[in-house]
Amino acid sequence: MPYLGGEETVRELRRALSNPNVQSDQLRYRNTILKVIRAMSQGVDMSGLFSEMVKACATVDVVQKKLVYVFLCSYAALNPELSLLVINTLRKDCQDPNPMVRSLALRNMTNLRLPSLVEYVEQPLAAGLRDRAACVRRVAVLGWAKLHNLQASSEIDAAVVNELYSLLRDPDPVVMVNCLRALEEILKDEGGVAINKPITHHLLNRLKECDIWGQCQVLRVLQRYRPQSEDELFDILSLLDASLVSPHPPIMAATLSLFLSLCSGQPAVSLAALERVRGPLLAACGSGSREMRFTALCHIQLLLRSIPGLMGAHYKRFFCGYAEPAYIKQRKMQVLVELVNDENVAMLLDELKGYCTDVNAETAQAAITAIGRIGRSYSDRCLEILTGLLGLKQDHITSAVVQTMRDLVWVCPQCSDTVCFALEGCEETLQDSQGRQALLWLLGVYGERVSSAPYTLEVFIDGVRSEASLGVKMELLTATMRLFLCRPAETQDMLGRLLHYCIEEETDMCVRDQALLYYRLLHCGIEETRKVLQGRRSDPSLGVLIGRPAEPVSQWARSFNTLEPLRQGSIETESVSRGSPEHTMFDPKPNADLSNTLDCSRIEKVHSDGDGRCSDSSADILASSVAAPLSLSLFPALSPEEFERLWLQQLALHAEQGNEMEKGYIVNNTSQRFSLSRSFPFIGQDLWLTRARRPAEKDEEAGKEDFVWMEECVRCPTIPRCSPQSLQAAMQLVNIQTLAFTPPQTLPWRVYLYTHTCLDDAPHSTLILGELLYTGEEPQKAEVHKGSADGGVGAEGIEDEQARQGMEATADGGQEAVKVTLRQQPRDDKALKGFLSILTTVLHTLSSERA
Amino acid sequence: MISQIFILSSKGDHLIYKDFRGESGGDAVGVFYEKVTALTGDQPPVVMSHKGLHFVHVRQGGLYWVATTTADSSPFTIIEFLNRLSALVKDYCGSLSEKSVQMNFALIYELLDEAVDYGYIQTTSSDVLKNFIQTEAVSSRPFSLFDLSNVGLFGAETQQSKVAPSSAATRPIQSSREQGGKSEIFVDVIERMSVVIGSNGMLMKADVEGEIRVKCYLPNCSEMRIGLNEEFSIGKSQLRGYGAAVRVDEVSFHQMVRLDEFDSHRILRLCPSQGEQMVMQYQLSDDLPSAPPFRLFPTIERDSGGRLLMYLKLRCDLPPKSLSQELSSPDQSAELKPQSRAVVWKIPRFTGGMQLSALFKLEVPGLSSASLLEVGPVGLSFELPKLTATGLQIRFLRLSPVQPGPSQRWVRYVTHSDSYTIRI
């Protein structure tokens, strides 16, 4: 912004500069020039003084020279002809005995950025490369890069490039690093400076001499190097280990970047490196500079994508400070949500609860959203907090809570009772359209359980004329329609009024069209309407249910240590579902790591076979050991609730063993991470044995239920680390439906699944429920037990077998094994065996794929 | 790679602008300021972009320090550099403010010219830079009567002159050359506490981040030895001596520190360069050697007239000093900040073992019993001089060779509250 009176200032300064009295007095001359520069950096156009300043350049006073150069470099592009006059002075300075003057002249000569001067500059630059003072060489090396960019067409002499390469061996580390930088720019078209083995090793050896900035540059350039052998790779890694835990965040980050690019083929090493930087990154998170804290936080989020449990024990480091700015608080909450586990959930929720009443409304809303995210795993505790917050009757808090509840109910339908109860009366405090939309959605979907729903809607309908938000009107239409379906008597009248208003008086086309659609739909009959409107109440896709799967490091390694992670994230919080949940799109992630052997062609076969039955041939491939052809089928479908009922039914008979059964645990688990405290209490083998036989005895007595339990260990060490999507996809190929997962990397790791079997020669089909469990411990003594309904195998027999198997297991050495527990109903040994071998094949295939 | 660097005042005045590569368009500064001010919230994010131009900025001394760069450059490097640059400017100009930057713009241009060439960082070491910097700093310290108070009657030394004035370390490093400034060295042990105390009085979190900084005004100093507590131990397992151990979780040292005597005698050896540098950083989590310094006993209730009553009792659990001065602080003040909905209670001085109470009566429209839940938390910000939360002490400070002429060595301890939160 030009200051007023700029003209006046320029004229005055010109008079002073050309005054011989001023020129003869060094101090006055310098002060006048200072004034010029000051005005220039304030934005006044000083280009008119160019010729006077050129004259001022010829002086012995270094300070004055520097000041004039600042001026000349800013305005040279406007006065190319006059700039020619400066060149003479500059060239003379390049011969000066004082190295400081030489480097100053050389630097500014190249900073003038005038293509017409290139011919005069080349010779001093070439001499500069051979100067005996390091500071001149530093400038000269970069000067060539500037020259190259000034005249991209002109070819830089090959001799110069060679000289730059040889200067990589310069004793001054800054000259060396500048050579790298210059070569990178000059050889950009060829892909930058050549990084071969000798250069790499030379750079690595001299790394310690450089300062922070030099080291970062070298580490960055080395990312292009590909070691020739594994030995060399590990030599380099060990050499760099000290930099990986450097107290300077830039070096730490650059080294980790290099590690990740060097080890792109070795995920295990990459993961180990991530563990190693945990300390320095945490230290950066507590740095005195807010900006550095923020940067570290954003990068920690990246790391957590691959190792969700990395910072679990350090969750307190992410508690928000009182005076921290909102953007750091929100990031910290995002991290906290990722770190939640059984031990810290109470502390964490307590802390988050404190943020909900933050003065900053955005922070408060972010905290409430965070609680909602945790609610997917720990719904009871979170709902308690959320319900408590409604009591505050603050409009922004209520709005955020209602939106959060809507999102929560969408993924955890089992919370709906509590939510419906909490909804009563909160419409009075809701002000903003987002919150009211959420409330309307909930009232529409769960209208039959909220006794006051029609009255609430009536208030909305009476006020529809003054309603400004389009979204609220559309949501109101849908909600009223839905409520009409379940409570027609109370709603009919108001629905009529609403439709009449929307069709006759509403000016907005969207609302009007929607109302017309509903009107015509009602003409088609109530059943048709029901079919259209009563869709899903919860999220049908498993993708969002299982929490965040661990991504491979390669997914984000490229963006590590760039500005990318600092800019994301804020978007992430935004996208936490706005509008009705069923409208948000869930794009299924491609199963990149899915085995090729489980080819998709088989899916078609399965489907062409009629209602999803696996054809004999494919079952044969997978389970060659099965003699009789076995088909698996997913129909009739089994809901998670049903699964839970069946799975727990028999276990409940054995409540005398002191295992408190927590009701509802599977349903909880279907939608989110498993909570350890709710995990099955009888992992112990001894308990298992009794249970395996007992139901059978009962069975004989009662004769009602015919079922069998079976347990087996399958060695497939990498399965617990494989992504849930690929596991699910693989299972579905052979018609096994997975119902619930723990996220990868957590222990114990579990998967619940079911299928129906049908042997060709058997008259009826059987239902198999199963659990895969991986505790992460050495396989315990008992490996295989089979409890059969007729009790054919005696207890001693089992024990013997158990011991034998145990010996084998220990002989095998601590191979990791996944325990498979199956429940079949009705009992059919052959089918069960067949199923087990199919399952084993799938697990092995997946596991070998991973390894 | 940095394409431009500029420094803006909080009002958006251009203080310093330097374009290193001449690639991006002219009005980057204007664009940046527009973006910064257009954002809502108390502080804008660190990184912003506009048409392929990426701004990274830090705030130091109330100024915006901005660099424009490409998308693939390292944020750690750029932020560290901007912080380092502001530290350099502080070293050379004495203090960091809009005024000092304005007065010393020629010096800052010179610094930038030497520190960055063509967008590549060359050096930020004040040892190297001091050979190139020719401009003298203009000190902006106003004349103050306090300077005179150090001189007693007839020039006799007074009690105060034995304590370094707080402004002693805020002077430009260069002036020590010509103006015959005192050759002094300051070793500061600075700790930042972040504490969360639950509503039941339980300590939920206690972290200490500490650092030892050396600020050197000595023209020539070849080696310095800093002795720490003998019983200083690192990590959980290591325990030295039988006395009250001084324990920290993690320590990192500046690369110039030589540690050959550290394991045996806890001595750090280094050759300090002029200006300020961080010698050692350490942190301690969750295991404070002593109780947290402040405790609060709050009572929140609603009186019959519908007013909110907050009765706060604040106690300082530090050991009382032998010379306890004033027991009641007459110069306390309290203020209601409506925009942040907070009551600010200022206590200028608080000695160990003291207890203060305050009763606040607030008229809150529409106060309900549920609103009481909204009150809190209490955030304390304080500075504890002559105290470290970890108990780290400096046993001795030796300079070699022995300085000719009068040289002064100062060791200062201070603990700041990074975030001290007490839930209600």
Legend entry - Sole residue being under 16 Å from B:Val246 (Cβ atoms) and at pLDDT 85 or above, chosen from B:Leu288, B:Leu296, B:Leu270, B:Leu284: B:Leu284
Inset, instruction - Would you list the helices (runs of 4 or more DSSP H) that sit entirely within the stretch A:32-140 and hold 2 or more residues that are over 48 Å from the mean Cα position of the chain (by Cα) and either away from chain B (no Cβ under 14 Å) or among the aromatic types (Phe, Trp, Tyr) (or both)? - result: A:50-57, A:80-93, A:118-129
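Can you tell me which of B:Ala137, B:Ala106 is more than 10 Å from every other protein chain (Cβ to nearest Cβ) and under 20 Å from A:Leu27 (Cβ atoms)? Give the derivation first.
On the way: B:Ala106 fails: more than 10 Å from every other protein chain (Cβ to nearest Cβ).
One residue alone meets the criteria, B:Ala137.
For every residue, the table says whether it meets (1) more than 21 Å from B:Phe81 (Cα to Cα); (2) away from chain B (no Cβ under 12 Å).
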position: A:Arg169; (1), (2): yes, yes
position: A:Pro173; (1), (2): no, no
position: A:Met176; (1), (2): no, yes
position: A:Asp189; (1), (2): yes, yes
position: A:Lys208; (1), (2): no, no
position: A:Cys216; (1), (2): no, no
position: A:Leu219; (1), (2): no, no
position: A:Tyr225; (1), (2): yes, yes
position: A:Glu230; (1), (2): yes, yes
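Quick one: which helices (runs of 4 or more DSSP H) lie wholly within the stretch A:151-219 and hold at least 2 residues that are open to solvent by less than 60 Å² (accessible area, probe 1.4 Å) and in contact with a Pro (Cβ under 8 Å, 6 or more places away or on another chain)?
On the way: elements: A:158-166, A:173-186, A:197-206.
Of the helices (runs of 4 or more DSSP H) lying wholly inside the stretch A:151-219, none has at least 2 residues that are open to solvent by less than 60 Å² (accessible area, probe 1.4 Å) and in contact with a Pro (Cβ under 8 Å, 6 or more places away or on another chain).
Residues checked against (1) modelled with pLDDT under 75; (2) part of a helix (DSSP H, G or I):
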residue: A:Gln728; (1), (2): yes, yes
residue: A:Met731; (1), (2): no, yes
residue: A:Ala740; (1), (2): yes, no
residue: A:Pro743; (1), (2): yes, no
residue: A:Val751; (1), (2): no, no
residue: A:Tyr754; (1), (2): no, no
residue: A:Cys758; (1), (2): yes, no
residue: A:Asp761; (1), (2): yes, no
Inset, instruction - With the checklist (1) within 23 Å of B:Asp127 (Cβ to Cβ); (2) away from chain A (no Cβ under 12 Å) in hand, flag the one item B:Asn83 doesn't pass. - result: (2)
Inset, instruction - Go through (1) closer than 21 Å to A:Tyr75 by Cα; (2) open to solvent by 40 Å² or more (accessible area, probe 1.4 Å); (3) within 7 Å of chain A (Cβ to nearest Cβ) one by one and return the number of the condition B:Ile16 breaks. - result: (2)
Inset, instruction - Count, please, the residues in the stretch B:372-386 that happen to be open to solvent by less than 40 Å² (accessible area, probe 1.4 Å), within 20 Å of B:Ser199 (Cβ to Cβ) and not in a loop (DSSP other than H, G, I, E, B). - result: 4
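Conditions (1) closer than 19 Å to A:Val245 by Cβ; (2) in a loop (DSSP other than H, G, I, E, B), marked per residue:
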| position | (1), (2) |
| --- | --- |
| B:Ser233 | no, no |
| B:Ser252 | yes, no |
| B:Ser264 | no, no |
| B:Met278 | yes, no |
| B:Leu288 | no, yes |
| B:Phe297 | no, no |
| B:Glu301 | no, no |
| B:Met310 | no, no |
Inset, instruction - For the stretch B:306-313, state whether one or more residues are without any contact (Cβ under 8 Å) to a residue 60 or more places away in the chain and not basic (Lys, Arg). - result: yes
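Residues in the stretch A:838-851 that are over 10 Å from A:Val714 (Cα atoms) and either modelled with pLDDT of 75 or more or charged (D, E, K, R) (or both): how many? Walk me through how you get there before you give the answer.
Residues of the stretch A:838-851 that are over 10 Å from A:Val714 (Cα atoms), as a first pass: A:838, A:842, A:845-851.
Checking which are either modelled with pLDDT of 75 or more or charged (D, E, K, R) (or both) leaves us with A:838, A:842, A:849-850.
Looking only at that region, the number is 4.
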Legend entry - Residues being part of a loop (DSSP other than H, G, I, E, B), open to solvent by 60 Å² or more (accessible area, probe 1.4 Å) and aliphatic (A, V, I, L, M) - total across the stretch A:448-494: 1
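Please work out which residue is farthest from the chain's Cα centre (by Cα), limiting yourself to the stretch B:200-220 and to residues that are of a type outside the set (Ser, Thr, Tyr) and assigned to a loop (DSSP other than H, G, I, E, B). Break it down into steps so the answer makes sense when it comes.
First, pick out the residues of the stretch B:200-220 that are of a type outside the set (Ser, Thr, Tyr): B:200-216, B:218-220.
With the extra rule that they be assigned to a loop (DSSP other than H, G, I, E, B), the set shrinks to B:200-202, B:218-220.
Numbers: B:Asn200: 31, B:Gly201: 28, B:Met202: 28, B:Leu218: 23, B:Pro219: 25, B:Asn220: 27 Å.
So the residue we want is B:Asn200.
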Inset, instruction - Considering every residue within the stretch B:325-339, establish whether at least one is assigned to a loop (DSSP other than H, G, I, E, B), modelled with pLDDT under 80, open to solvent by less than 40 Å² (accessible area, probe 1.4 Å) and more than 14 Å from chain A (Cβ to nearest Cβ). - result: yes
Inset, instruction - Of the conditions (1) open to solvent by 10 Å² or more (accessible area, probe 1.4 Å); (2) within 27 Å of B:Gln281 (Cβ to Cβ); (3) not β-branched (Val, Ile, Thr), A:Met292 clears all except one; give me its number. - result: (1)
Inset, instruction - Mind listing just one residue for me: the one in the stretch A:32-48 that is at pLDDT 85 or above and open to solvent by less than 30 Å² (accessible area, probe 1.4 Å) and, of those, farthest from A:Arg15 (Cα to Cα)? - result: A:Ile37
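Return yes when A:Ile300 is closer than 24 Å to A:Gly372 by Cβ, within 10 Å of chain B (Cβ to nearest Cβ) and without any contact (Cβ under 8 Å) to a residue 40 or more places away in the chain and no when it is not.
no
Condition check ((1) within 26 Å of B:Gly201 (Cβ to Cβ); (2) touching a residue at least 60 places away in the same chain (Cβ under 8 Å); (3) out of contact with any Leu (no Cβ under 7 Å at 6 or more places or on another chain); (4) not in a helix (DSSP H, G or I)) across all residues:
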residue	(1), (2), (3), (4)
B:Phe360	yes, no, yes, yes
B:Gly366	no, no, yes, yes
B:Ala370	yes, no, no, no
B:Ala389	yes, yes, no, yes
B:Arg395	no, yes, no, yes
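The values are calculated or read from the model by the stated rules, or taken from the named source; none is laboratory data. These figures come from a predicted structure and were not determined experimentally. Cβ: placed from backbone, ideal geometry, glycine included. Neighbour counts: every protein chain shown. Ligands, DNA and RNA are stripped out before the accessible areas are found, and what is left, the full protein with its side chains, is counted by its heavy atoms. Shrake-Rupley method; radii C 1.70, N 1.55, O 1.52, S 1.80 Å.
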